[in-house]
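The next block holds one structure in the form of structure tokens; read it before the comments.
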Amino acid sequence: MSKKQPQSKREFRDGISKKRPAKSAKPVSKTTKSSLHFAKRGEAEQAQEHRSQRGQRGAARHEQSPKEYAAPVKQRAAKARKLVVRAPNQKIQQHVQELKEKRTDLSRIEPERLQKVLAASGVGSRREMEEWINNGWVQVNGRVAVLGEKITPEDQVTVKGSAIKLKWADRLPRIILYYKQEGEIVSRDDPQGRVSIFDRLPQAASSRWVAIGRLDINTSGLLILTTSGELVQRFAHPSFEVEREYAVRVLGELTQEQMDALSEGVMLEDGLARVERIYEQGGEGANKWYNVVLKEGRNREVRRLFESQGLTVSRLVRVGFGPIGLPNRLKRGQFYELNPMEVANIMKWADMLLPGERRRRK
């Protein structure tokens, strides 16, 4: 007896369906057929009418003015987000401007030394003012002034018989960071007509920009300018020992003995000079880069220090001065003005009083 071949699932399913009796379908009358036909036709007409109504509503929306047409909530929210991104926050801008232009009540300003106020008012340098006071050329409220005395905004000061309109620190000073380029000079007047950094800076209303330290014509990098004479003094005077950091490229390479000699001190034409720190930063070919930190800013001091070791500086870039570093986003020939909060932080670092503050008695 031959065995039956096993059935597949499909064959098994088909066999079962063949065995089952077919369900009797109800006959469809002519009336039913016609009603179905008209029902389908009615749905099509309704759909067409609905589409035409939607088109009319859309056309009416376009004809309406922007004030009459209200966009959907999601669309309005999306537009609002775009406007926020596109337009800066006006309140924040206004607040920053108020801080920048805010003046302090003069009655809250502490008394200041006479020579310091005169120098800040543009009469002359502090040393000149000290000489004029000693010569009796300065009067306070009609009497001859004494060197070292302090005055307030209520006092009347005359110099060589002329009344002086004194300038008081009743607002925050301005500070600018400028990326000096090679070939530019840090001077307003030049007989040779060379390019000055002051030609690239904005105007300082009712004051003038003063550079904190100088960079020679062949040196590039960070240059700080401010409207505060006291801030210039705090940064540049040797007694405060503010660090200056430079990136130096030389033709050749320093030995460890030469680096030690620069750290210990080298006698130059104007006295002993030394570096606080020096690091090798690599280089390509015969050129090597070094990172050098000094606490003074004599004329061409970095170049002369390397020349004392038989090396010539081919490129010199100042990358830091005190707490301020050269911003990465700043390109050559560009400047960045510090905002009021940044200016206040610099003044705190320099141990300077903010407008309206009084120094606490110890």
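Treating r as the C-beta distance of Ala286 and Gln203 and R0 as 56 Å, the FRET efficiency rounds to 0.80.
Rounded to whole numbers, the Karplus 3J(HN,Hα) couplings from phi for region 129-136 are 5, 5, 5, 5, 5, 5, 7, x Hz, using 6.51 cos²θ - 1.76 cosθ + 1.60 with θ = phi - 60°, and x at Gly and Pro. Paramagnetic label reach from Arg274 (point 7 Å along Cα→Cβ; backbone nitrogen cut-off under 19 Å): within region 233-258, residues 238-246, 255-258. Each residue of region 180-185 is assigned a 3J(HN,Hα), and the resulting list reads 5, 9, 5, x, 9, 10 Hz, derived from the Karplus form 6.51 cos²θ - 1.76 cosθ + 1.60 (θ = phi - 60°), x at Gly and Pro.
From a point 7 Å beyond the Cα of Glu253 in the direction of its Cβ, which residues of region 288-315 have a backbone N at a distance under 19 Å? From region 288-315, the list is 288-292, 306-307, 309-315. As a rough guide to protection, the peptides 307-314, 188-195 ranked by mean Cβ packing within 10 Å, highest first, stand as 307-314, 188-195. Residue ranges 154-162, 210-218 sort as 210-218, 154-162 when ordered by packing (mean number of other C-beta atoms within 10 Å per residue, highest first). Taking 7 Å steps out from each Cα toward its Cβ at Glu296 and Trp168 produces label points 3.9 nm apart. For region 110-163, the dipole from Cβ point charges (+1 on Lys and Arg, -1 on Asp and Glu) about the Cα centre works out to 120 debye, to the nearest 20. Extending 7 Å from Cα along the Cβ direction at Glu131 and again at Gln334 yields two label points whose distance is 4.4 nm.
Multiply the residue gap between Glu149 and Asn218 by 0.36 nm, knock off their C-alpha separation, and tell me the result in nm, one decimal place. Kindly include the intermediate steps, with their values, before the conclusion.
Numbers: separation 69, 0.36 × 69 = 24.84 nm, distance 4.35 nm.
That works out to 20.5 nm of additional length.
Highest mean first, the peptides 237-245, 129-137 sorted by other C-beta atoms within 10 Å per residue fall in the order 129-137, 237-245.
Read-outs: derived from the displayed coordinates by stated rules, not from any lab. Because the structure is predicted, anything quoted here is derived from the model rather than measured. FYI the Cβ positions are ideal-geometry reconstructions off the backbone, even for glycines, and counts take in every protein chain you see.
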